[in-house]
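Shown next, in structure tokens, is the structure this report addresses.
The values are calculated or read from the model by the stated rules, or taken from the named source; none is laboratory data. Note that the structure is predicted; figures quoted are calculated from it, not measured. Virtual Cβ from ideal backbone geometry, glycine too; neighbours counted across all protein chains shown.
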Amino acid sequence: MRSSLPDFPWDALAPYADKARSYPAGIIDLSVGTPVDPTPEFIQAALRESSNSPSYPVTAGTPELRGAIKNWATKRLGATGEFDVLPLIGSKELVAWLPTILESKKVLIPQIAYPTYHVGALIAQAQSIPVEIDAKSWPDADLAWMNSPSNPTGRVHSVDEIKDCIQWSRKNSAVLISDECYLEFEHTSTPTSVLALTGGDNTNILAVHSLSKRSSMAGYRAAFLVGDSALIAKIRELRKHAGMMVALPVQKAMTVALADDLHVAEQRGRYNARRDALRPALEACGFRVEFSNAGLYLWCTRDEDAWTSVDWLAARGILATPGSFYGEKGKNHIRIAMTVTDAQIHDAVSRLKAL
């Protein structure tokens, strides 16, 4: 690789995690977005019932899963025109390997971004270029990442902003991929999928979705790609050769999960209630919450170095993520995840109010 991979950022949090664990009542870990709420029983049942799985699965996905994804994309995303779908072994592996699969040379990533966008470019020996949200200012490239709702900020792109990204893609004959893994967790803003705004022309447009948070299936490694049929055919062919297949029991579980919206609404309600409980307690301690309109996170600042804020919270047994993990623009912010139990959120609120 032309550039060495960065250190795994969460390793730098270890001393602060130790400090938080030394708090008399123990640690409340709000740093990593790992779901804790149970996988719905009907999804677990589908996995169990499919556990006798002696044959290899197919990379393209079962007909039932492909149909479920297409139906969901049409109904939930507003996708129109010709498009194809592809199951993934979680969304992170797609983020990390897509630039390599597409042989990208220049990859645009958001200035405040999920770190794996940059890592994926490095693995591909491509140039990684942080850009503003406004696509009118973007340079030419062969691949661009869009992320709405954003991880870490929870910012939701406007319809006009997404349309500008599509226009950039068409002008440059470049691939635009929208990471929409938090799309179903609206709060004060309702996210729009890129596929709802293509006018049925999905050339060079992809969207990636995950069931990790939506259906509390992070341990299943279950995600999928939707968009340009020709691009997906190219991606699928390489994945077939590389043996990148979603386990058949997981495909069966994905199929039933995508057919049900009730459990998603219930999970969205949990995350939003946690956000509404924690936000005022943080604000009372001098934090300013920015964006955080959707998704699973609060993006906060006290206009100080992020590590100062992390240390201050660790002294109270609360672990947060420094915004610097997501780029230079995040150096004075912290990200706080809602992926702990209701009881732990209430405990965190109590600790903050005790100041």
Determine if the range 86-104 includes at least one residue that is free of Cβ contacts under 8 Å to residues at least 60 places away in the same chain, in contact with a Cys (Cβ under 6 Å, 6 or more places away or on another chain) and either hydrophobic (A, V, I, L, M, F, W, C) or not assigned by TED's automatic domain parsing to the domain that holds A253 (or both). no
Take the residues in the range 299-334 that are touching a helix residue (DSSP H, G or I) at 6+ places or on another chain (Cβ under 6 Å), among the aliphatic types (A, V, I, L, M) and farther than 25 Å from E132 by Cβ; name whichever of them is surrounded by the most Cβ atoms within 10 Å (Cβ to Cβ). A320
The range 249-267 residues that are touching a residue at least 40 places away in the same chain (Cβ under 8 Å), paired with ones that are hydroxyl-bearing (S, T, Y) and surrounded by fewer than 13 Cβ atoms within 10 Å (Cβ to Cβ) (beta carbon under 8 Å, 6 or more apart): P249/S51
Show me the helices (runs of 4 or more DSSP H) entirely contained within the range 187-291 in which 2 or more residues are within 27 Å of Y117 (Cβ to Cβ) and aromatic (F, W, Y). none
Looking at (1) polar (S, T, N, Q); (2) loosely packed, with under 14 Cβ neighbours inside 10 Å; (3) under 20 Å from T255 (Cα atoms), which is the only condition T34 fails? (3)
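May I ask you to list the residues in the range 292-308 that are outside any loop (DSSP other than H, G, I, E, B) and either assigned by TED's automatic domain parsing to the domain that holds E186 or under 24 Å from the mean Cα position of the chain (by Cα) (or both)?
Our first condition is that a residue be outside any loop (DSSP other than H, G, I, E, B); within the range 292-308, this holds for 294, 297-301, 306-308.
A294, Y297, L298, W299, C300, T301, A306, W307, listed by residue number.
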Tell me, yes or no, whether the range 173-180 has at least one residue that is surrounded by 18 or more Cβ atoms within 10 Å (Cβ to Cβ), assigned by TED's automatic domain parsing to the domain that holds P63 and touching a His at 6+ places or on another chain (Cβ under 6 Å). yes
Go through the range 1-30 and count every residue that is under 24 Å from the mean Cα position of the chain (by Cα), modelled with pLDDT of 95 or more and in a loop (DSSP other than H, G, I, E, B). 1
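With the condition kept exactly as written, say whether any residue in the range 122-136 is hydroxyl-bearing (S, T, Y), outside the structural domain of I334 (by TED's automatic domain parsing) and crowded, with 22+ Cβ neighbours inside 10 Å. Even if it seems obvious, please write down each step before you answer.
Kept after step one, since they are hydroxyl-bearing (S, T, Y), are these residues of the range 122-136: 128.
Imposing the further condition that a residue be outside the structural domain of I334 (by TED's automatic domain parsing) reduces the set to 128.
Those left that are additionally crowded, with 22+ Cβ neighbours inside 10 Å: none.
For the range 122-136, residues hydroxyl-bearing (S, T, Y), outside the structural domain of I334 (by TED's automatic domain parsing) and crowded, with 22+ Cβ neighbours inside 10 Å: absent.
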Determine if the range 158-172 includes at least one residue that is touching a residue at least 24 places away in the same chain (Cβ under 8 Å), more than 13 Å from the chain's Cα centre (by Cα) and under 26 Å from H263 (Cβ atoms). no
The one condition G67 fails out of (1) over 21 Å from the mean Cα position of the chain (by Cα); (2) of a type outside the set (A, V, I, L, M, F, W, C); (3) in a loop (DSSP other than H, G, I, E, B) is (3)
Cβ contacts < 7 Å: first residue over 17 Å from T192 (Cα atoms), restricted to the range 63-77; second residue part of a helix (DSSP H, G or I), any location; separation 6+ or different chain. Result? E64/T255; L65/Q251; L65/M254; L65/T255; A68/T255; A68/L258; I69/L258
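Filtering the range 197-240 down to residues that are β-branched (V, I, T) and buried (at least 22 other Cβ atoms within 10 Å of the Cβ), which residue is nearest to the chain's Cα centre (by Cα)? Break it down into steps so the answer makes sense when it comes.
So in the range 197-240, the residues β-branched (V, I, T) come out as 198, 203, 205, 208, 226, 232, 235.
If we keep only those that are buried (at least 22 other Cβ atoms within 10 Å of the Cβ) too, we end up with 198, 205, 208, 226, 235.
Working: T198: 22, I205: 18, V208: 9, V226: 15, I235: 20 Å.
Per the criteria, the residue is V208.
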Filtering the range 335-355 down to residues that are hydrophobic (A, V, I, L, M, F, W, C) and exposed (fewer than 13 other Cβ atoms within 10 Å of the Cβ), which residue is modelled with the lowest pLDDT? L355
Is the range 314-323 home to any residue that is in a helix (DSSP H, G or I) and either within 18 Å of the chain's Cα centre (by Cα) or in contact (Cβ under 8 Å) with a residue 12 or more places away in the chain (or both)? yes
